[in-house]
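Input: a single structure, listed below in structure tokens.
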Amino acid sequence: MATLLDQFGRPLDRTVLAAPQTASVAQLARQALQPMLEGLSPARLAQVLRRADDGWLTDQHRLFADMEDRDGHLLAEINKRKLALLDLDWRIDPPRHASAAEEQAAAWAQEVVEDLVDSLEDLILAAMDGPGHGFAAIEIEWRRDGGEWLPTFHPRPQEWFQMDASRRRLCLIDGTREGRELLPFGWVLHTHGKAKTGYLGRMGLYRALVWPFLCKHFSISDLAEFLETYGLPIISGKFRSGASPEEQASLLQAVIDLGHDARAILPQDMSLEIAKVSTSGDADSHLAMVHWAEGAMSKVILGQRGDEARSAGIGSGQADFQREVRRDIRNADARQVAATLTSDVVYPLLALNRGVDSLRRCPRFQFDTGEPEDLTTYAQALPELVGVGMRIPVAWAHERLRVPLPEGDEAVLGAPVPAPAGEPATPPAPGSKSTPAPAPAALSAVVALGAGAPRATDSAAADQAVLDAALAQLPGADIHAAMQALLAPAIAALQAGETPDQAGDALLAAFPSLDSGALETLLARAIFVADVWGRLSAASA
């Protein structure tokens, strides 16, 4: 059996193909989830973060998981960032200067991954735990399907992991200081912010959010206590000097009863006073802290707060996008996740099933993060630019508008094919290819005049000659034939003896299926010549 190399160029330990690595770590099977927010204080939070800096990550990531469970705003914002990648198209591209075998391998990997659509979406969402926690670990369980090795993915909680003694390598917890090294081909390990310096325990965004979360947690607790007694007056009792303990206890009970039931009895020589408390602005102070904390969370996770996008005067569409995920952040996430999927999913798939020389020659998983241009703008600009003589490559226009070029005899949408003079214009057959007819020479000359081309010495006579020739070439018979075809339902109704109103109804009923493209093209040519003629006449007046 040939030696199989992992993505790091080392011989593969094939035991990972028999069973998931965690199945052999008994300590993980006994580990129970424990909440971290009970009794959370600034001192305890600082201790949790210090332990993470020393390589013990369990308490930190338990705290991060509790933050998601307890804070709806935090969960909503991080889910926006996770789900942003699911809206992107993806592909698996062969390497540069690919051979035929490498192109076939890329096509096979694309097909296999497409067949695992649900699993791929779950895998991307699981990998997007990385921005919050700093890393996401998804275990791979391999199975034989016919003659192929195919993966099943199992996300694992971050609290199952620790750093080794050097704090440079992520390992499984197994009761030792070094931990158990993760086996290649056994894990999809996505590390967020690989370019950031420092230890892995500090990579996650939640490290920057623990203090805003703690402030918000305390503010909400204080606000709840405030609202419990909001608007209630302060009731105080006064007892005479020398009152016995029993009399004082009776007065206290009277104050308590009055607060709950608005009824109380007390000795005649004792009194009660009710003082109204001013509450203006108290709730606003707590809510201001909550608003600041949630704004900090939105900035760290999405790059900007939604109210800032609105106040900046950005257009509504851009403001909506800013309230989701800033484009540069989304694209950075896409590049990092794509690199992880290339090394930890695509390479193992090909190495086990088809063979691959190295990670450098491995097909690349790519997200399509490009933005299409405005179709309306280009639809107006391109015909005008072509009309004045610009030569625009078709492939460039398709790339800018993100419209794929047709392959082979693939059916395409096309404009109506102009007919010879004197014959009615007919639309192209469904799925056929249409080629625009070249502009007559006289019309090209009119275009040149409108573009400011050099003119003859006797400019007025020359211009008039060009325009007369262009007018003579206008297809009057074609326009008449196109109008006849367009009005055919109404004409047929009138010939059958129906009223004009009935003929109009027949035309309206048939209009959705009529093709007015040929008539629009012919009329556009006529209007264009008339417009240039008018401009030149005004200029010479």
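The values are calculated or read from the model by the stated rules, or taken from the named source; none is laboratory data. These figures come from a predicted structure and were not determined experimentally. Note that we place each Cβ from the backbone using ideal geometry, even for glycine, and neighbour counts take in every protein chain shown. Accessible surface areas use protein heavy atoms only, side chains included; no ligands, DNA or RNA. Shrake-Rupley method; radii C 1.70, N 1.55, O 1.52, S 1.80 Å.
Condition first: modelled with pLDDT of 95 or more, open to solvent by less than 20 Å² (accessible area, probe 1.4 Å) and closer than 17 Å to HIS61 by Cα. Can you find one or more residues in the stretch 139-151 that meet it? No: the stretch 139-151 contains no residue that is modelled with pLDDT of 95 or more, open to solvent by less than 20 Å² (accessible area, probe 1.4 Å) and closer than 17 Å to HIS61 by Cα. Counted as qualifying within the stretch 124-218 are the strands (runs of 3 or more DSSP E) with 1 or more residues that are out of contact with any Lys or Arg (no Cβ under 7 Å at 6 or more places or on another chain) and farther than 22 Å from LEU85 by Cβ, namely 135-145, 148-156, 161-163, 170-172.
Criterion applied to ALA445, ALA439, ALA411 was being surrounded by 13 or more Cβ atoms within 10 Å (Cβ to Cβ) and modelled with pLDDT of 50 or more, and the one residue passing it is ALA445. Selection over the stretch 32-56 of residues that are open to solvent by less than 50 Å² (accessible area, probe 1.4 Å) and not acidic (Asp, Glu) gives a count of 10. Scanning the stretch 395-407 for residues that are in a helix (DSSP H, G or I) and either open to solvent by 90 Å² or more (accessible area, probe 1.4 Å) or in contact (Cβ under 8 Å) with a residue 24 or more places away in the chain (or both) yields TRP396, GLU399, ARG400, LEU401.
Looking across the stretch 367-382, the residues that are polar (S, T, N, Q) and either part of a helix (DSSP H, G or I) or closer than 19 Å to SER99 by Cβ (or both) come down to THR376, THR377, GLN380. Is it fair to say MET390 is assigned to a loop (DSSP other than H, G, I, E, B), at pLDDT 80 or above and not polar (S, T, N, Q)? Yes. Apart from one condition, GLU121 fits all of (1) free of Cβ contacts under 8 Å to residues at least 24 places away in the same chain; (2) in contact with a Leu (Cβ under 7 Å, 6 or more places away or on another chain); (3) loosely packed, with under 14 Cβ neighbours inside 10 Å; the exception is (1).
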